[in-house]
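Notes follow the structure.
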Amino acid sequence: MSAIFLSASVPLTTRGTYHETANPFLIQCAVRELVIVALQQHKIVWGGHPAITPMIWSICEDLNIDYSEAVILYQSRFFEDYFPEENRRFKNIIFTNAVYGNREASLLRMRKEMLSRPDLVGAVFIGGMEGVEQEHEIFRHYHPDARILPVPSPGGAAINLALDHGYGSNSDFEDIDFAQLFHSHFAEINKKLS
């Protein structure tokens, strides 16, 4: 089964200016709709984040989805002392080794292992901070022909990606019909796959 990469987070007020455009409620709504639409035909792959991992677990529970078959969570052992409680509920976590004493190198190792997966056919970027921008660049390196969708209306780094790389049209920047957005996006991916 093919997979979609999700890069998302709720920006923190202590890290840059990403929080100034971010709407945490819309980030949550967009992640929820992505899971609902994507899991009809694809797995979802993401790097563990304390705001997103509990959200995905809750959505899978609400939808009665067997998340061991539907999602793949990557987690760097660098953050072992800070894993969210929900990590224990996922039986399909892929742990990557930490680079001793180096947070950024540990994240880079995890991101390269995660984003070099050959089954990734598309990526969605929601909210986020500098990590979302870094994951976008790494994803494009490994999958230059894959479909990429930054969702600009919830703000954060995703709006920067949309602006800086010319994704979408001006109407997309205010569009909060996430279900329609994802149905259209995945229809394009599925057409390319068939």
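Sort out which residues of segment 128-152 are aliphatic (A, V, I, L, M) and within 18 Å of S76 (Cβ to Cβ), and write them in order of number. Write out each step before concluding.
If we filter segment 128-152 for residues that are aliphatic (A, V, I, L, M), which is where we start, we get 129, 132, 138, 146, 148-149, 151.
The answer is M129, V132, I138.
Looking only at segment 138-146, decide whether some residue is over 23 Å from R15 (Cβ atoms), touching a residue at least 60 places away in the same chain (Cβ under 8 Å) and surrounded by 20 or more Cβ atoms within 10 Å (Cβ to Cβ). Looking through segment 138-146, none of the residues is over 23 Å from R15 (Cβ atoms), touching a residue at least 60 places away in the same chain (Cβ under 8 Å) and surrounded by 20 or more Cβ atoms within 10 Å (Cβ to Cβ). Would you check if E133 is open to solvent by 60 Å² or more (accessible area, probe 1.4 Å), farther than 19 Å from E33 by Cβ and among the acidic types (D, E)? In short, no.
Let's see how each residue does on (1) open to solvent by 70 Å² or more (accessible area, probe 1.4 Å); (2) over 20 Å from I4 (Cα atoms):
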| position | (1), (2) |
| --- | --- |
| A38 | no, no |
| T53 | no, no |
| E86 | no, yes |
| E113 | yes, no |
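Taking F95, is it part of a helix (DSSP H, G or I) and at pLDDT below 95? No, not satisfied. A single member of A179, A162, A187 is open to solvent by 50 Å² or more (accessible area, probe 1.4 Å), farther than 28 Å from F95 by Cβ and not charged (D, E, K, R), and it is A187.
In segment 97-121, the residues that are within 23 Å of H143 (Cβ to Cβ) and among the acidic types (D, E) form Cβ pairs under 7 Å with partners that are surrounded by fewer than 18 Cβ atoms within 10 Å (Cβ to Cβ) and at pLDDT below 95, at six or more places apart or across chains, as follows: D119/S2.
The values are calculated or read from the model by the stated rules, or taken from the named source; none is laboratory data. Just so it is clear, the model here is predicted, and its values are computed rather than measured. Cβ: placed from backbone, ideal geometry, glycine included. Neighbour counts: every protein chain shown. Quick note on the areas: whole protein, heavy atoms, side chains included, nothing else; ligands and nucleic acids left out. Shrake-Rupley method; radii C 1.70, N 1.55, O 1.52, S 1.80 Å.
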